[in-house]
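J.: Quick one: the structure is below, and I'll ask about it shortly.
Read-outs throughout are calculated quantities, based only on the coordinates presented, and are distinct from any laboratory measurement. Just so you know, these numbers come straight off a predicted model, no measurement behind them. So basically every Cβ, Gly included, is an ideal-geometry build from the backbone, and we count neighbours across all protein chains shown.
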Amino acid sequence: MTRPVLTFFNNKSGVGKTMLAYHIAWMLSELGKTVVVVDLDPQANLTASFLEDERVGQLWDHGHTVYGSLAPLFEGEGGIADPHIEDITRRLALDNFMAFAPDALTPLGGYPGGEDKAREFVKAIYANVPVLDTGARGATVTFVERGVGDVLLAWENEAFLAQREFGKDKFEIVSPPLSILAEPPLSVVDAVADKKGTRAVAEAYLKYWYSREGQEIAARNSYRPRDSEIAKEYEKSFAKVELFTIDDVFGGWAKAQKEHFAEGGIFDQIYKN
Ligand SMILES: Nc1ncnc2c1ncn2[C@@H]1O[C@H](COP(=O)(O)OP(=O)(O)OP(=O)(O)O)[C@@H](O)[C@H]1O
Ligand SMILES: [Mg+2]
C-alpha cells in the first residue's frame, strides 16, 4: 500500500502550518482514510493539538516526543529511543518519529491496542462459537433454521437472504463500517470446457454475469454490482462500508495465506489454543 505524505511548508513561524496539518489530518480520517500524523517538532505542538494537556505531559515525561527520542543521542547516553505511536481514533494515529516506525505501523495504521489485542479479540470470538460450520450456507442454516447462536457472522448476501426468506422483523443486519472486499472469482476452466465441448456456452455465461442484465440480477440478490452504473442504481440497497483488499493491507494473498492460514499460522494459533 502506498502512503502519500502531505507537507505544508513555510519559512515563517506562527503562520498556521501545524494547525493546517491538524485539521487536514482530522478531515481525511473523517473521510475514511487512515492517517498517521508525525510530529517532528521538538516543541510537540501537533501532539499538544491532539491530546489533553495531561497526556502530553505524560508523553513528555516518558520521552515519547521527537525530542525525547533524540535526547539519548544528543546527551551521549546511547542511541535513538524507540518511537511512540499514540492511537487517537481507529483511523488516526500520532507518531513522534516516523523514520523509525514503519514496522510498528500495523496495516491500517495500528490495531487499536496493538496486534496482541487484535488476536485476543478474535480468539474471544471463536471461544463463543457454538457451531463452526465448514461453509457460509451451512452456517446460515444452523443459525436461521436451527436457531443456534445469538449472532451469525456472514456474507452480506446471506444476511439479506435470511431476511428475505424469514422476514425483515426476524433478523437485524448490522454492517461494519470497514470490511474486506470479497470477490469470488468466476472463470472458465479450459480443460473441462474443451473436454466437454462447452466453451462457447461457458464463455457466454461468464460474460452474461458482467452484462447490465446479469449485474442487475446480482444486485437484486444482494451481491454488490461491479458495474458502476448499476451500483449507483442500487446504492441504497447496501450499507456504506469502506472496503479494503488483501493486497492493500496484508501484502497480497500469497503472504496472507502463509501468515494466517498455513499450518501453524495465526489462525491455527488462535483456533487450536
Ligand atoms: N486559521 C486560523 N485562525 C486562527 N488562528 C489560527 C489559525 N491558524 C493557526 N492559528 C493559530 O495561530 C498560532 C500559530 O499556528 P501554528 O502553530 O499552526 O503555526 P506554525 O506555522 O506551525 O508555527 P511554527 O513555525 O512556530 O511551528 C496557533 O496559536 C494557532 O492556533
Ligand atoms: Mg508548527
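J.: Roughly what % of DSSP beta bridges within the chain run antiparallel, to the nearest 5?
T.: Roughly 35 percent of the beta bridges in the chain run antiparallel, per DSSP.
J.: Which distance in nm do the two modelled labels at ALA200 and SER187 give, with both placed 7 Å along the Cα-to-Cβ direction?
T.: Between ALA200 and SER187, the simple spin-label model gives 2.5 nm.
J.: Compute the FRET efficiency between GLU120 and LYS207 as 1/(1 + (r/R0)^6), taking r as their Cβ-Cβ distance and R0 = 51 Å, and round to the nearest 0.05.
T.: 0.65
J.: I've got another one for you. Kirkwood hydrodynamic radius of the range 141-261 from all distinct Cα pairs, in Å?
T.: Hydrodynamic radius (Kirkwood, Cα pairs) of the range 141-261 is 17.2 Å.
J.: I need the GluC sites (Glu not before Pro) found in the range 200-273, filtered to DSSP loop residues with at most 12 other beta carbons within 10 Å of theirs.
T.: GLU263
J.: Moving on. Can you give the log10 of the normalised intensity I(q)/I(0) at q = 0.07, 0.14, 0.16 Å⁻¹, computed with Debye over equal Cα scatterers of the chain?
T.: -0.41, -1.19, -1.35
J.: What full-extension length gain, to one decimal in nm, is calculated for TYR271 and GLU54 as 0.36 nm per residue of separation minus the Cα-Cα distance?
T.: Full extension from TYR271 to GLU54 adds 74.1 nm.
J.: Run the quick spin-label model on LYS255 and VAL5: label points 7 Å from Cα toward the beta carbon, then report their separation in nm to one decimal.
T.: 1.9 nm
J.: Filter the cross-link list LYS207/LYS240; LYS117/LYS272; LYS12/LYS33; LYS195/LYS258 down to pairs whose alpha-carbon distance in this structure exceeds 24 Å.
T.: Pairs exceeding 24 Å: LYS207/LYS240; LYS12/LYS33; LYS195/LYS258.
J.: Okay, next question. Can you give me the convex hull volume of the Cα atoms of the range 189-235, divided per residue and expressed in Å³?
T.: 73 Å³
J.: Okay, next question. Just to be sure I understand: if I project the alpha-carbon convex hull of the range 114-174 onto a plane and average over all orientations, what area do I get in nm²?
T.: 4.7 nm²
J.: Taking a cut-off of 16 Å between Cα atoms, list the aspartates and glutamates near LYS17, but don't count ones fewer than 8 places away on the same chain.
T.: ASP39, ASP41
J.: Go through the range 258-267 residue by residue and turn each phi into a ³J(HN,Hα) via Karplus (6.51, -1.76, 1.60, θ = phi - 60°); whole Hz please, and just put x for glycine and proline.
T.: Ordered by residue, 3J(HN,Hα) equals 5, 5, 9, 10, 5, 3, x, x, 4, 4 Hz.
J.: For the range 68-95 and the range 1-41, what is the centre-to-centre distance using only Cα atoms, to the nearest Å?
T.: First find each Cα centre; the distance between them is then 18 Å.
J.: Under 5 Å between amide hydrogens, which residues at least 5 positions from VAL38 or on another chain qualify, with H placed 1.01 Å from N in the peptide plane?
T.: ASP95
J.: Residue separation times 0.36 nm, minus the C-alpha to C-alpha distance between GLU77 and ARG220: what's the value?
T.: Contour length minus the Cα-Cα distance gives 44.8 nm.
J.: Also: Which FRET efficiency value, to the nearest 0.05, do you get for VAL129 and LEU40 by plugging their Cβ-Cβ distance into 1/(1 + (r/R0)^6) with R0 = 41 Å?
T.: Efficiency for this residue pair is about 0.35.
J.: A further question follows. Taking neighbour counts of Cβ atoms within 10 Å as a proxy for exposure, in what order, fewest first, do PHE121, PHE74 appear?
T.: Fewest-to-most Cβ neighbours within 10 Å comes out as PHE74, PHE121.
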